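Following: one structure in structure tokens, then a few remarks.
The values are calculated or read from the model by the stated rules, or taken from the named source; none is laboratory data. Quick caveat: nothing in here was measured; it's all calculated off a predicted structure. Methodologically, a virtual Cβ is constructed for each residue, glycine included, from the backbone with ideal geometry; neighbour enumeration extends over all protein chains shown.
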Amino acid sequence: MAKKKKCFSSWQQFLIGLAILIFSLFGYLQFRPQTHLVTRIIDGDTIELDNGERVRYLGVDTPEIGECYATAAISLNRQLVLNKQVHLQTDANKLDQYGRILAYVFVSKIMINQELLRQGAGAYFEDYLNHRYQAELIAAAQGAHQNKTGLWRTCAQDKKLGCLIKGNLDPNDRRFYHLPGFRHYSQIVMNLDKGDRWFCTEPDAIAAGFKRARE
């Protein structure tokens with residue numbers, strides 16, 4: 001009898017183990033990151049997936065088509081993701097006003113948003129809602145600006161100095177840009193997480209909604 005009881009117990013353990021394995025596999029398949037094939041590059045910060053949906057990278061703003069460094073940004077984006085499987089992570093705001101998915105895009109463990117900023121293909125863009133990877137993105141953007149990487153050298157009026165125009169939001173959320181030599185220039189601390197932005201030219205700053213500060 002003892003031997004028979006032992007066999008029954010082993011069979012029970014086998015069934016329990018099998019059930020756990022099945023449920024674990026089901027959970028993995030249900031919650032694993034979904035991947036998509038990138039079939040088209042729209043511009044430096046927007047892609048199209050194999051299901052027809054368009055994805056706008058969070059936290060990065062590359063030059064518009066026709067602007068300085070736009071072609072290089074598109075080329076880098078193509079190199080990083082075209083015909084590759086990507087997985088998306090969304091944040092608080094999942095869609096923009098045009099119906100595009102707002103996401104952090106990954107190829108394996110590489111975050112493409114961060115890589116574009118690191119290589120100077122765009123500027124950090126603060127949207128005030130999506131902050132999951134804010135610190136990583138700002139660090140990449142600051143590093144590229146300081147090292148005069150990518151557009152921060154190519155699009156600068158003086159390539160040795162880089163892009164030094166400070167776009168600053170004042171305490172009343174008014175946007176002003178300051179040129180080197182302006183009276184408050186050295187006092188302004190650039191806080192990218194507050195909406196401050198670096199610019200290469202005055203037209204760039206004006207196009208972004210900043211007004212020229214008093215000299």
Name the pairs whose Cβ atoms lie under 7 Å apart, with the first residue in region 62-80 and on the phi > 0 side of the Ramachandran plot, the second of a type outside the set (A, V, I, L, M, F, W, C) and in a loop (DSSP other than H, G, I, E, B), and 6 or more positions between them or separate chains? TYR69/PRO63; TYR69/GLY150
Conditions: (1) touching a residue at least 60 places away in the same chain (Cβ under 8 Å); (2) not assigned by TED's automatic domain parsing to the domain that holds ARG78. TYR133 meets all but one. Number of the miss? (2)
Looking at region 62-87 only, could you name the residues that are crowded, with 20+ Cβ neighbours inside 10 Å and either not assigned by TED's automatic domain parsing to the domain that holds TYR133 or not polar (S, T, N, Q) (or both)? PRO63, TYR69, ALA73, ILE74, LEU76, LEU80, VAL81, VAL86
If the Cβ limit is 9 Å and pairs must be 6+ apart or interchain, which residue in region 95-122 that is without any contact (Cβ under 8 Å) to a residue 12 or more places away in the chain pairs with which residue that is in a strand (DSSP E or B) and of a type in the set (S, T, N, Q)? SER108/GLN85
Select from region 193-215 the residues that are assigned to a strand (DSSP E or B), without any contact (Cβ under 8 Å) to a residue 40 or more places away in the chain and closer than 16 Å to LEU164 by Cβ and list them in ascending order. PHE199, ARG212
Just a yes or no: is a residue in region 153-161 among the hydroxyl-bearing types (Ser, Thr, Tyr), in contact with a helix residue (DSSP H, G or I) (Cβ under 7 Å, 6 or more places away or on another chain) and either on the phi < 0 side of the Ramachandran plot or crowded, with 22+ Cβ neighbours inside 10 Å (or both)? no
Search region 167-192 for residues being out of contact with any helix residue (DSSP H, G or I) (no Cβ under 6 Å at 6 or more places or on another chain) and part of a helix (DSSP H, G or I), and hand back the single one that is surrounded by the fewest Cβ atoms within 10 Å (Cβ to Cβ). GLN187
